[in-house]
Amino acid sequence: SIQDKNALHLYSVNGKYLGSETLKEEVSDMCVTGEFIVMGSLQGFLSIRDLYSLSLSISPLAMRLPIHCISVTKEYSHILVGLEDGKLIIVGVGKPAEV
């Protein structure tokens, strides 16, 4: 965060710069899962981005409170989101019939 601007930068394993994306929110936690980056912000948004292009995979989900931590189940079926007030939100991943 430089001068109230936040960005996500992507580098290869060898340190080669691959790209970046400017963010509107301040990231509080993130988790890399498979080919996706799952991010939570202090503004209360849960975002899922493609690991290689850094573009949003879906529209950010509003949690209404700052997100403190994020975890993804090992089957990649659910995202666990810890909020500032101590609540744990469980978000199903996939199509409604699969969840």
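So here's what we get for this one:
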quantity	calculated
The lone exception for Ser53 - which of (1) part of a loop (DSSP other than H, G, I, E, B); (2) open to solvent by less than 70 Å² (accessible area, probe 1.4 Å); (3) more than 16 Å from Leu88 (Cα to Cα); (4) touching a strand residue (DSSP E or B) at 6+ places or on another chain (Cβ under 6 Å) it fails	(4)
Leading residue by the ranking (farthest from Ile67 (Cα to Cα)) among those in segment 1-48 that are of a type in the set (Gly, Ala, Ser) and assigned to a strand (DSSP E or B)	Gly19
Within segment 57-85, tally of residues that are among the polar types (S, T, N, Q) and in contact (Cβ under 8 Å) with a residue 12 or more places away in the chain	3
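Yes/no per residue for (1) modelled with pLDDT under 95; (2) open to solvent by less than 60 Å² (accessible area, probe 1.4 Å):
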{"residue": "Glu25", "(1), (2)": "yes, yes"}
{"residue": "Asp29", "(1), (2)": "no, yes"}
{"residue": "Gly34", "(1), (2)": "yes, yes"}
{"residue": "Gly40", "(1), (2)": "no, yes"}
{"residue": "Ser47", "(1), (2)": "no, yes"}
{"residue": "His68", "(1), (2)": "no, no"}
{"residue": "Ser71", "(1), (2)": "no, yes"}
{"residue": "Val81", "(1), (2)": "no, yes"}
{"residue": "Gly92", "(1), (2)": "yes, yes"}
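The values are calculated or read from the model by the stated rules, or taken from the named source; none is laboratory data. Just so we're clear, the structure is a prediction, and the values are computed from it rather than from any experiment. Every residue, glycine among them, receives a Cβ derived from its backbone with ideal geometry; neighbour counts consider all protein chains shown. When the accessible area is computed, the model is the full protein with side chains, heavy atoms only, and any ligands, DNA or RNA have been set aside. Shrake-Rupley method; radii C 1.70, N 1.55, O 1.52, S 1.80 Å.
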